[in-house]
Amino acid sequence: MLFWQILIDGFAISALYALGATGFTLIFGVSGVLNLSHGAIMVGAAVAAWAAASELGVGPYTGALIGVLAGFILAFATYFIAVRPIQRSKVIAESEKEIFILTATLLWGIIIQEAIAYLFTNNAKTVLPIVEGVTTVLGVRTPRNEYFTAVICWVAIGLLWFLVNRTRRGKAVMAASMNPRGVTLLGIELSSIYLTVWAIYGLLAGVAGILLGMFLGVSSYSVGPLTASAFSIVVLGGLGSVSGSLIAAYVVGYLETGTAYLISPAYRTIPALLLLVVVMYLRPQGLFGRR
């Protein structure tokens, strides 16, 4: 019974991590930005959905839409406040911009985290589930919302795959991730590509945050672990590799779920971080290599 419980719960949480890490990886692949405010954006989206549905009484569907919109807005705010000014700065040397952006997104994430704590306290919030009820599978009683979560995550990932591989704009994004200079020579503005990527990222992070809030609940304390998990996933999968991140998401998801059930929820992120340290020493390009 415990094995099946870990299998089912691990699949759902891994799908959530895969959805969030896909956007995280896409941003790095296109613009070279490691966004350390990732966890704060996810939590901000979940708290917005919770506040809209629970405090304003708009219902779970409208609350979820408001949460996605909040994630979208926070992603653009991250780009325009913490990233673009540094990218366009004439004062900061090109070789130092990456570390400045890394620091700026970290500080921006802390600001969002503290704003959430100030406005809504540090108490955990659970977003009203869209799908209610319980289903028994393999002898394990599981909320239907878990299956709903996994399905929505993979539908979103499938739509992203279609966008990137079957649309003109998506192919431009893919080309920018491979050769930014070549894209500019073709007459495509990199700034418009960046806006597209951050828009996609905001939607993915918003959806992932809301589903996480329905599944496990979130608080301002969730910001650090969520960012650490996403960072572990993209490094384990190979920086810039979307397919590697998807596989690494399941490695991390099942490691965390197994640790939570077999040891303690307080230590759920430790095994993945230890694996990350080992991989960085033995295989710096990640388990599945760079794209």
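Quick notes on this one:
- Some residue of segment 199-208 being touching a residue at least 60 places away in the same chain (Cβ under 8 Å), more than 13 Å from ALA46 (Cβ to Cβ) and not in a helix (DSSP H, G or I): no
- Residue pairs meeting the criteria (Cβ under 7 Å; at least 6 apart or on separate chains; first over 17 Å from GLY158 (Cα atoms), in segment 1-17; second hydroxyl-bearing (Ser, Thr, Tyr) and part of a helix (DSSP H, G or I)): LEU2/TYR261; GLN5/TYR261; ILE6/THR257; ILE6/TYR261; ASP9/THR257; GLY10/TYR254; GLY10/THR257; ILE13/THR257
- Look at (1) open to solvent by 20 Å² or more (accessible area, probe 1.4 Å); (2) more than 24 Å from ALA272 (Cβ to Cβ); (3) in a helix (DSSP H, G or I); (4) β-branched (Val, Ile, Thr) and you find that ILE188 fails only one, number (3).
- Flag for ALA52 being without any contact (Cβ under 8 Å) to a residue 24 or more places away in the chain, open to solvent by less than 10 Å² (accessible area, probe 1.4 Å) and in contact with a helix residue (DSSP H, G or I) (Cβ under 9 Å, 6 or more places away or on another chain): yes
- You will find that of ILE86, ILE116, ILE110, ILE101, the residue that is β-branched (Val, Ile, Thr), part of a helix (DSSP H, G or I) and open to solvent by 40 Å² or more (accessible area, probe 1.4 Å) is ILE110 and no other.
- Any hit, segment 129-150, residues being at pLDDT 90 or above and in contact with a Ser or Thr (Cβ under 9 Å, 6 or more places away or on another chain): yes
- Residue match in segment 242-251 (condition: within 21 Å of THR105 (Cα to Cα), open to solvent by 10 Å² or more (accessible area, probe 1.4 Å), modelled with pLDDT under 90 and not charged (D, E, K, R)): no
- Taking every residue in segment 213-224 that is in contact (Cβ under 8 Å) with a residue 12 or more places away in the chain and more than 17 Å from ASP9 (Cβ to Cβ) and pairing it with any residue that is open to solvent by 20 Å² or more (accessible area, probe 1.4 Å) and not in a helix (DSSP H, G or I), at least 6 positions away or on another chain, the pairs with Cβ-Cβ distances below 6 Å are SER219/ASN122; SER219/ALA124; SER220/ASN122.
- Every condition in (1) surrounded by fewer than 24 Cβ atoms within 10 Å (Cβ to Cβ); (2) within 19 Å of the chain's Cα centre (by Cα) holds for VAL183 except the one numbered (2).
- For segment 121-142, the set of residues classified as open to solvent by less than 70 Å² (accessible area, probe 1.4 Å) and either within 21 Å of GLY206 (Cβ to Cβ) or not aliphatic (A, V, I, L, M) (or both) consists of THR121, ASN122, LYS125, VAL127, PRO129, ILE130, VAL131, GLY133, THR135, GLY139, THR142, listed by residue number.
- Members of segment 256-282 found to be out of contact with any Ser or Thr (no Cβ under 7 Å at 6 or more places or on another chain), hydroxyl-bearing (Ser, Thr, Tyr), surrounded by fewer than 18 Cβ atoms within 10 Å (Cβ to Cβ) and under 19 Å from TYR17 (Cα atoms), listed by number: TYR261
- Of note, VAL68 does not satisfy the criterion of being open to solvent by less than 20 Å² (accessible area, probe 1.4 Å) and within 25 Å of ALA21 (Cα to Cα).
- Residue in segment 194-201 that is surrounded by fewer than 19 Cβ atoms within 10 Å (Cβ to Cβ) and not small (Gly, Ala, Ser) present: yes
The values are calculated or read from the model by the stated rules, or taken from the named source; none is laboratory data. What you are looking at is a predicted structure, and each value in this text was computed from that prediction instead of being measured. With ideal geometry, Cβ positions are generated from the backbone for all residues, glycine too; neighbour counts draw on all protein chains shown. To get the accessible areas, we keep the full protein, side chains included, count just its heavy atoms, and leave off ligands, DNA and RNA. Shrake-Rupley method; radii C 1.70, N 1.55, O 1.52, S 1.80 Å.
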